[in-house]
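The values are calculated or read from the model by the stated rules, or taken from the named source; none is laboratory data. Treat the numbers as computed from the prediction; the structure is a model and nothing was measured. Here the Cβ positions follow ideal geometry from the backbone for every residue, glycine too, while neighbour counts run over all protein chains shown.
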Amino acid sequence: MAEAFTGMRRVEQEEKEQILQLVGFTIDDEQFGVDILMVQEIIRAAPITPVPNSPDFVEGVINLRGDIIPVIDLRKRLNLYREETDTDTWILILDIDGKVTGFIVDSVSKVLKVLESSIEPPPDLVVAGLESQYIHGVCDIGDKLLIFLNFNRILLVEELHNLKSMDDE
């Protein structure tokens, strides 16, 4: 009897491991997600200090309780340009391999629970583009598709080094 109970517990644990928790956010009308384990916090737009000679997708830096954090406009990084509006934005503060970085998004929705098996690789046509390196996969969340971003690849190694040097200055 104990052996059957242990087997049931193992199956339940395997099912739990297959569920990913993602923080959902939007840019324009597109729905994106990031692994909740990467998210340190979510803040309203804060005063951003521009940094001279930084890449165009780097908006600048913010002072978050004494820590200087680089802020990237995710819309620009993903080449999702549009006319500027007066809408309020949010900043996702993420820990990417020990490097804390802020990403500007239009809105943050909620924590989504997604079965790992429901995440499909991006279509081949999308993979042909350079930006596809940022896409971990796509999944159906009911009313629309969610694009699961790989923030470990949003910034190239050289760009991470440049952001690190921003902090040091």
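Side notes on the structure shown:
- From the list Gly142, Gly98, the lone residue that is at pLDDT 70 or above, of a type in the set (Gly, Ala, Ser) and under 16 Å from Ile36 (Cα atoms) is Gly98.
- The single condition among (1) within 21 Å of Asn152 (Cβ to Cβ); (2) at pLDDT 85 or above; (3) touching a strand residue (DSSP E or B) at 6+ places or on another chain (Cβ under 9 Å); (4) of a type in the set (A, V, I, L, M) that Val127 does not meet is (2).
- Among the candidates Met8, Met38, residue that is hydrophobic (A, V, I, L, M, F, W, C), at pLDDT 85 or above and either surrounded by fewer than 18 Cβ atoms within 10 Å (Cβ to Cβ) or closer than 29 Å to Lys144 by Cα (or both): Met38
- Flag for Arg82 being surrounded by 12 or more Cβ atoms within 10 Å (Cβ to Cβ), within 18 Å of Phe25 (Cα to Cα), among the charged types (D, E, K, R) and modelled with pLDDT under 95: no
- Meets criteria (within 18 Å of the chain's Cα centre (by Cα) and either closer than 17 Å to Thr26 by Cβ or at pLDDT 90 or above (or both)) for Val105: yes
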